[in-house]
Amino acid sequence: MEKFDIAVIGAGAAGLTAAAFAARDGWRVAVVEAMTAGGQVSNVDAIDNYPGLPAGTPGYELGPLLQEQAAEAGAEFVLDTVLRVDGDGDDYLLALSEGHLRARCVIVAAGSTKRRLGVPGEDPLWGRGVSQCASCDGPLFRGLRACVVGGGDSALQEALHLSRHASRVTIVHRGASFRAQHALVAKLHQADNVDVRFNTTVEEITGDSSVTGARLRDTATGVDQVLDAEGVFVFIGLRPNTAFLGQLADLDGQGRISVDAHMRTSRPGILAAGDIRSDSAAMLAASAGDGVTAARSATAYLRRRAS
């Protein structure tokens, strides 16, 4: 069983930034990730809200760059899934799907999973018109009709991407106004094949072998209406990936890891960074900043242990 100074769980912007800064400080760092580098941003068609990238960049390019930076700093990568984290004396034992890993300090940057609607028709039609990746599946809907559910940045970004392919995109949002950035709302107004239905929820996704539409409900009047669409794209928020922590660290009311300004959790030697932590801005630039702070706090913790 290999022992590291710091184990970083997750290879998104927060985790890779933390790994790079911690490795530069001379610590032996392991980054454990089950999927691809970059996390959620890997499926973003164009990232235009990250400092220093005025023309924007695809997420599938930014992720590998962050990984390369961490690797050049000396971080080591473990392609595996963390099943559980246990305290082991002053250290921590990470149970992986293929073995174990020991670390003196852990930075949890496992990110979040996109929430599902939980309505009839969603599960059986998943992958048959129901999706959460417009950049992946958008070209499949060329000339067809698509419904995007949500009112935040992700929903509008994906709707704008779909508008390049679909004949019509309908955004369904339960609120009375968007939560997204003003710049995205402004771009949306310029798209002539996008319409919006506020104060509306999706009650059911219809179709047998593939999506044919969605049953919508106007929350003000209670009236249901069927929207014809061949695709339903769901972007209604994120669920933090904290199950593997068990009771190791305190969570807030939304299930995110409670931290202080230094990214320290209720458990000494456990830090959290990115949108998995409490009061996160859930923005790429903020996640990278979290990673820097977590790395600095990890360094301070390890130095205190050595003194």
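The values are calculated or read from the model by the stated rules, or taken from the named source; none is laboratory data. These figures come from a predicted structure and were not determined experimentally. Because the Cβ atoms are built from the backbone with ideal geometry, glycine has one as well, and the counts that use them run over all protein chains shown. Each accessible area value is taken on the protein alone, full model and side chains, heavy atoms only, with ligands, DNA and RNA left out. Shrake-Rupley method; radii C 1.70, N 1.55, O 1.52, S 1.80 Å.
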Query raised in the report: Per residue, what volume in Å³ does the Cα convex hull of the range 17-119 take up?
Result: 132
Report task. Just name one of 182, 146, 162: the one whose Cα is farthest towards the positive end of the charge dipole of the range 127-186 (beta-carbon charges, Lys/Arg +1, Asp/Glu -1). Result -> 146
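Per residue of the chain, what 222 nm ellipticity follows from adding -39500 (n - 2.57) for every DSSP H run with n ≥ 4, rounded to the nearest 500?
Working: 6 runs with 73 residues, N = 307.
Taken over the chain, the calculation gives -7500 deg cm²/dmol.
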**Report entry** Solvent exposure of the range 50-126 as accessible area per residue, Å², 1.4 Å probe
**Finding:** 51
Report summary line: Mean Cβ-within-10 Å packing, highest first, puts peptides 20-28, 176-184, 58-66 in the order 20-28, 58-66, 176-184
Query raised in the report: Given q = 0.11, 0.13 Å⁻¹, what are the Debye log10 I(q)/I(0) values for the range 155-307, with equal point scatterers placed on the Cα positions and solvent ignored?
Result: -0.63, -0.78
Report summary line: At 4 °C in a medium of viscosity 1.567 mPa s, the chain has a Stokes-Einstein diffusion coefficient, with Rh taken as the Kirkwood radius over alpha carbon pairs, in µm² per second, of 63
Report task. Could you tell me which Cys residues in the chain have no other cysteine's Cβ under 4.7 Å from their own Cβ, answering none if every one has a partner? Result -> 105, 147
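Of all DSSP beta bridges in the range 87-170, what percent run antiparallel (nearest 5)?
On the way: 7 of 11 bridges.
The antiparallel fraction comes to roughly 65 percent.
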Query raised in the report: Whole number please: convex hull volume per residue of the Cα set in the range 114-207, in Å³?
Result: 92
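For the chain, calculate the relative contact order in percent as a whole number, restricting contacts to Cα pairs under 8 Å that are 6 or more residues apart.
Once normalised by length, the contact order is 20 percent.
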Report summary line: Relative contact order in percent for the range 113-260 (Cα pairs under 8 Å, 6+ apart) equals 29
Requested in this report: Scan around residue 80 for amide H atoms under 5 Å from its own, H built in the peptide plane at 1.01 Å from N, and keep only partners 5 or more places away or cross-chain.
Outcome: 33, 34
